[in-house]
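Student: Questions regarding the structure given below will be posed in turn.
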Amino acid sequence: MNTFLILLSSLLWWVLYSSIGALFVAIIAWAVLRWIERCPPVFNRTYLACLLWMLLDVIVGGSVLMKHGAQADPLAQLHTFGWRAAIVLNMLIGAGLLWRLVPRIDARRIKPTSACLAVAVIMLVAFGAITSLQA
């Protein structure tokens, strides 16, 4: 029974933290997609794509952490092959989910290049936040 409660609690926290992170990511993605597409995308679908992206991101990041372990300096981990592959995989998942799930307000799908640019801006903001917290 204790193991079941631990797993249920972990699942709830995984979804809660992923949804909080997805809200910030969705706001950035929505603004970038609105600017690049010159037509507003649907925010609900943008949030859904970002939520799925964050849920998968926790799984990918957690699997790399389990394989390589946690170090004192998180920026030093970016030089390892596992983290570089995880970042590339993360960006591919994000671009694919945004491209497939986010329509514009006129019911056309966004362009793949727009999804890639949105993911690149999100990663730029994330790396900027991480480096500013490290300083």
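Student: Among what's in the stretch 62-96 and is open to solvent by 50 Å² or more (accessible area, probe 1.4 Å) and modelled with pLDDT of 85 or more, pick the residue that is nearest to the chain's Cα centre (by Cα).
Tutor: Met91
Student: A further question follows. Cβ-Cβ under 7 Å, sequence separation 6+ or interchain: first residue in the stretch 19-39 and more than 18 Å from Met54 (Cα to Cα) and among the hydrophobic types (A, V, I, L, M, F, W, C), partner outside any helix (DSSP H, G or I) and open to solvent by 20 Å² or more (accessible area, probe 1.4 Å). Which pairs?
Tutor: Cys39/Arg104; Cys39/Ile105; Cys39/Asp106
Student: Then there's this: In the stretch 1-46, how many are at pLDDT 90 or above, more than 21 Å from Gly62 (Cβ to Cβ) and either outside any loop (DSSP other than H, G, I, E, B) or acidic (Asp, Glu) (or both)?
Tutor: 17
Student: Moving on. I need a count of the residues in the stretch 113-126 that are open to solvent by 40 Å² or more (accessible area, probe 1.4 Å) and touching a Leu at 6+ places or on another chain (Cβ under 9 Å).
Tutor: Result for the stretch 113-126: 2.
Student: Looking only at residues in the stretch 15-56 that are in contact with a helix residue (DSSP H, G or I) (Cβ under 6 Å, 6 or more places away or on another chain) and aromatic (Phe, Trp, Tyr), which one is nearest to Ala126 (Cα to Cα)?
Tutor: Going through the qualifying residues, I end up with Trp53.
Student: Right, next: In the stretch 70-90, is there at least one residue being in contact (Cβ under 8 Å) with a residue 40 or more places away in the chain and in a helix (DSSP H, G or I)?
Tutor: No, because not a single residue in the stretch 70-90 is in contact (Cβ under 8 Å) with a residue 40 or more places away in the chain and in a helix (DSSP H, G or I).
The values are calculated or read from the model by the stated rules, or taken from the named source; none is laboratory data. Given the structure is predicted, the values throughout are model-derived calculations rather than measurements. Note: ideal-geometry Cβ built from the backbone for every residue, glycine included; neighbour counts use all protein chains shown. What goes into the accessible areas is simple: the full protein's heavy atoms, side chains included, and nothing from ligands, DNA or RNA. Shrake-Rupley method; radii C 1.70, N 1.55, O 1.52, S 1.80 Å.
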